[in-house]
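K.L.:
Just passing along the structure, written as structure tokens.
No value in this document is a laboratory result; all are computed from the given coordinates. Please read all numbers here as calculations on a predicted model, not as lab measurements. When we count neighbours, we look across all protein chains shown, and the Cβ atoms used for this are built from the backbone with ideal geometry, even at glycine.
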Amino acid sequence: MNSKTTEAVKELKKAKNAVILAHTYQPGEVQDIADYVGDSYGLSVEASRTDADIIIFCGVRFMAETAHILNPNRKVILPAPAAGCPMADMIDTSGLSALKAQHPDKLVMCYVNSTAQIKALSDICCTSSNALAIAKSLPEDTEIIFVPDRHLGTFIQEQTGRKMIFWDGCCPIHAQIEPFMIEQARKKHPNAPILIHPEAPAESRILCDYALSTGGMCDFAAKSNENEFIIATELGLIHTLQKANPGKKFYPLSDKLVCPDMKAISAELVLAALEGSAGEEITLDKNLCLQARRSLDRMLEFSK
Ligand code: 13P
Ligand code: SF4
């Protein structure tokens, strides 16, 4: 990235009282100009408490929507309006409403990777970092409808023993992780623990050493006495981990684990968004925001 862009971003950010939030799957150059880099949970917390006038949200649409819902008085800009999340788009309100009608006595827990409309129909939201604790906190005798990620849902069910009904959605990036990839990586780096994201299918996850959210992987790597790690998630996290732990080695499970939506933003595009020549301001219907906020507030309240 050229230093002119970095300088221009810095100046404009100050002049406009803007903050740049970036997910750990963003390109390295975007992470490097961000004020805060984190996982979905950390980004939600950061977005809810910032007093900046403008939030440049470097992530995908559901994340920028979440920032807008949690802090409606700030201007939230998504630099690449086309950056969505295929998993979030795998469920719609008519599908969830039908499922709720079939199981009226169950609680709906939605993964944060969902649209505002789905959050509005849900009882509580979660991210991959707090999903287990939130599932455990729900009344024991109540079954949980979990949407939209069946793989994260399966992980929660295995770990908590809760009775659950899943929506059949998945992350197309993590769904590519196959057992042979884990076996090959293990042979290549026999001393490195394998950290995998719970969005990955169970048959691969069970071959790994730890199933962790991206934030969980960062904490684990920082505290661990190990010096090398195999990282089974989207490639962007390697940049985050390597920067935070220069003395340690991080091997991506596969160079193919790249989310094109997460890679739709560049440093140049962040600058253009700050200048007002690119990006979309995220706005949602007020009532929708209020409804969606209940499930997010319950998550934030719980995770305090
Ligand atoms: P986390 O940042 O919560 O681990 O989520 C991963 C993800 O796929 C975001 O799109
Ligand atoms: Fe969605 Fe998967 Fe991309 Fe995350 S990595 S934004 S879950 S498609």
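K.L.:
Count, please, the residues in the range 96-129 that happen to be of a type outside the set (A, V, I, L, M, F, W, C), within 16 Å of ligand 2 (Cβ to nearest atom) and assigned to a loop (DSSP other than H, G, I, E, B). Reasoning before the result, please.
P.N.:
Here is the first cut: in the range 96-129, the residues of a type outside the set (A, V, I, L, M, F, W, C) are 97, 100, 102-106, 111, 113-115, 117, 119, 122-123, 127-129.
After this cut, where a residue has to be within 16 Å of ligand 2 (Cβ to nearest atom) as well, the list is 111, 113-115, 119, 127-129.
Add one more test, that the residue is assigned to a loop (DSSP other than H, G, I, E, B), and what stays is 113-115, 127-129.
Total satisfying the criteria: 6.
K.L.:
Would you point out which residue out of Ser277, Ser254 is surrounded by fewer than 14 Cβ atoms within 10 Å (Cβ to Cβ) and either within 16 Å of ligand 2 (Cβ to nearest atom) or in a loop (DSSP other than H, G, I, E, B) (or both)? Spell out the reasoning first.
P.N.:
Numbers: Ser254 fails: surrounded by fewer than 14 Cβ atoms within 10 Å (Cβ to Cβ).
Among Ser277, Ser254, only Ser277 is surrounded by fewer than 14 Cβ atoms within 10 Å (Cβ to Cβ) and either within 16 Å of ligand 2 (Cβ to nearest atom) or in a loop (DSSP other than H, G, I, E, B) (or both).
K.L.:
Which one of these does Cys58 not meet: (1) within 16 Å of the chain's Cα centre (by Cα); (2) buried (at least 24 other Cβ atoms within 10 Å of the Cβ); (3) away from ligand 1 (no atom under 14 Å from the Cβ)?
P.N.:
Among (1) within 16 Å of the chain's Cα centre (by Cα); (2) buried (at least 24 other Cβ atoms within 10 Å of the Cβ); (3) away from ligand 1 (no atom under 14 Å from the Cβ), Cys58 violates only (3).
K.L.:
For the range 284-300, give me the residue count where each residue is in contact with a His (Cβ under 7 Å, 6 or more places away or on another chain) and surrounded by fewer than 16 Cβ atoms within 10 Å (Cβ to Cβ).
P.N.:
Residues flagged as in contact with a His (Cβ under 7 Å, 6 or more places away or on another chain) and surrounded by fewer than 16 Cβ atoms within 10 Å (Cβ to Cβ) within the range 284-300 amount to 0.
K.L.:
Then there's this: What are the pairs with Cβ atoms under 8 angstrom where one residue, in the range 120-134, is under 18 Å from Asn287 (Cα atoms) and the other, located anywhere, is among the aromatic types (Phe, Trp, Tyr) and crowded, with 23+ Cβ neighbours inside 10 Å? Sequence gap at least six, or different chains.
P.N.:
Final answer for the pair search is Cys125/Tyr111.
K.L.:
Give me the pairs, please: first residue somewhere in the range 66-93 and within 12 Å of ligand 1 (Cβ to nearest atom), second residue anywhere and of a type in the set (Asp, Glu), beta-carbon distance under 9 Å, and either six or more positions apart or on two chains.
P.N.:
Pairs found: Ala83/Asp261; Gly84/Asp261; Cys85/Asp261; Pro86/Asp261; Met87/Asp149; Met87/Glu199.
K.L.:
Same structure, new question: Given the conditions (1) in contact with a Phe, Trp or Tyr (Cβ under 7 Å, 6 or more places away or on another chain); (2) closer than 24 Å to Ala18 by Cα, report the number of the one that Glu65 does not fulfil.
P.N.:
(1)
K.L.:
In the range 253-304, which residues are out of contact with any helix residue (DSSP H, G or I) (no Cβ under 6 Å at 6 or more places or on another chain) and among the basic types (Lys, Arg)?
P.N.:
Matches in the range 253-304: Lys256, Lys263, Lys286, Arg294, Arg298, Lys304.
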